[in-house]
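Data first, discussion second: the structure below is written as C-alpha cells.
The values are calculated or read from the model by the stated rules, or taken from the named source; none is laboratory data. Computed from a predicted structure; not experimentally measured. Glycine gets a Cβ as well: all are built from the backbone with ideal geometry, and neighbour counts include every protein chain shown.
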C-alpha cells in the first residue's frame, strides 16, 4: 500500500509516461466520482506490505482490467529491483550510523560506506557517475 500523490510531485519521470502506465515503478490513479479518491499516481518505492483484509473502499473496488495492470506494473517493478540491496537496507533499519566514509573507486564511482552501531555492521552504497561525454562520432553541431 502506498499514498496517492499529485502529479505535480513528479520530478524524475515524465508525467505523460506515468499517466499512460509506461513508467516503471509508478501506477496512475485516474480521476473518480468517489470524493475520497483523487487523481494522481502511486510510487512503488513508497509501498509497505498490507493485509488483504485491510483493503476496503476505493482500494477494493478497482475494476478487473485495472487490477491486471496494477499486478503487471508491480511485477515489472520488482523484477527490475535488486532484492539483495533491499535486504541489506532492511537489515540496517534501526541501527545508528556512527561513521561515514566516502571515496571514489578506479571506475570513478562514488562509494559511501556507512558504519553502523560502532562497527558492528556496515552498509556500502555505490553511485554510478552520469556520463556527460559525447560518444565518438556524435559531435555537437556540424
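Some points to look at:
- Taking the range 2-19 as the range and being in contact with a strand residue (DSSP E or B) (Cβ under 9 Å, 6 or more places away or on another chain) and assigned to a loop (DSSP other than H, G, I, E, B) as the test, the residues that pass are 2, 3, 6, 10, 13.
- Residue match in the range 20-41 (condition: assigned to a loop (DSSP other than H, G, I, E, B), modelled with pLDDT of 75 or more, out of contact with any strand residue (DSSP E or B) (no Cβ under 8 Å at 6 or more places or on another chain) and loosely packed, with under 10 Cβ neighbours inside 10 Å): yes
- Residue in the range 86-111 that is modelled with the highest pLDDT, counting only those that are surrounded by 12 or more Cβ atoms within 10 Å (Cβ to Cβ) and either assigned by TED's automatic domain parsing to the domain that holds residue 45 or more than 25 Å from residue 47 (Cβ to Cβ) (or both): 98
- Residue within the range 45-64 that is assigned to a loop (DSSP other than H, G, I, E, B) and modelled with pLDDT of 85 or more present: no
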